[in-house]
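Computed from the coordinates by the stated procedures, all read-outs in this text should not be read as laboratory data. Remember, it's a predicted structure, so these values are computed and weren't measured experimentally. Backbone-built Cβ (ideal geometry, glycine too); neighbour counts: all protein chains shown.
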Amino acid sequence: MGSKSVVGGHVLKGPTGLGHDPHSQVSTQLSMRCEPSLFITGRNIMCRRTKFTLRTMVLLGLAIATALPQIAFAQTDPFLGTWQLNLAKSKYSPGPPPKSQTVNVQAEGQAQRVTIAGVAANGNPFNYTLTAVFDGLPHPTENNPNQDAYAATRVDAYTQIFSDLKADKLVGTTTIVVSPDGKTTTATAIILDANGRPINNISVYDKQ
């Protein structure tokens, strides 16, 4: 027959004669969990700290998981950097092409800061910028006599489409594609001149 022991007014039964069941004790220790209590105990404090720590780790993990793809994409975005116009590989119809042109693209949050500078065919220097936001909505441009707004779409990692707007009218579309090796960018543009006639330009840029 098992023995009985009285501890704190509770009767503990066990077949071993020691007043408790060792298997029950191990099971209780392994399955110990936080339970509601009216009393502040060391276990309550430990449970609260554990829950707080786990909650903090989950939130931190979510924040890192959200930020890492954006950081990785910004570091590997093939459009970023400085591009020099290669006149020998480019085609302008009817022309003439600019004497020189450099495009600098920098990450600006989710957008891109694009600076285009060079010398026009008539010898006049030009320099204008835009913050490319790829949401398909009109955004204003700066210091560009050919347009006052643009709408940009990111088709994939290597393809962008820009729609040029002036006085709320579409005056041109440019499709920009980066080569798979990231060394060349080709911009194919169909633009309307001041008389409404189409201009077809294929501008090839080399990564600097």
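Could you check how many residues of the stretch 95-112 are farther than 22 Å from F134 by Cβ, loosely packed, with under 15 Cβ neighbours inside 10 Å and in contact with a strand residue (DSSP E or B) (Cβ under 7 Å, 6 or more places away or on another chain)?
1
So, in the stretch 189-207, how many residues would count as being without any contact (Cβ under 8 Å) to a residue 60 or more places away in the chain, surrounded by fewer than 15 Cβ atoms within 10 Å (Cβ to Cβ) and not charged (D, E, K, R)? Write out each step before concluding.
The initial filter retains those residues of the stretch 189-207 that are without any contact (Cβ under 8 Å) to a residue 60 or more places away in the chain, namely 189-198.
The next check asks that each one be surrounded by fewer than 15 Cβ atoms within 10 Å (Cβ to Cβ); those that pass are 190, 193-198.
Checking the rest, the ones that are also not charged (D, E, K, R) come to 190, 194-196, 198.
Final tally of qualifying residues: 5.
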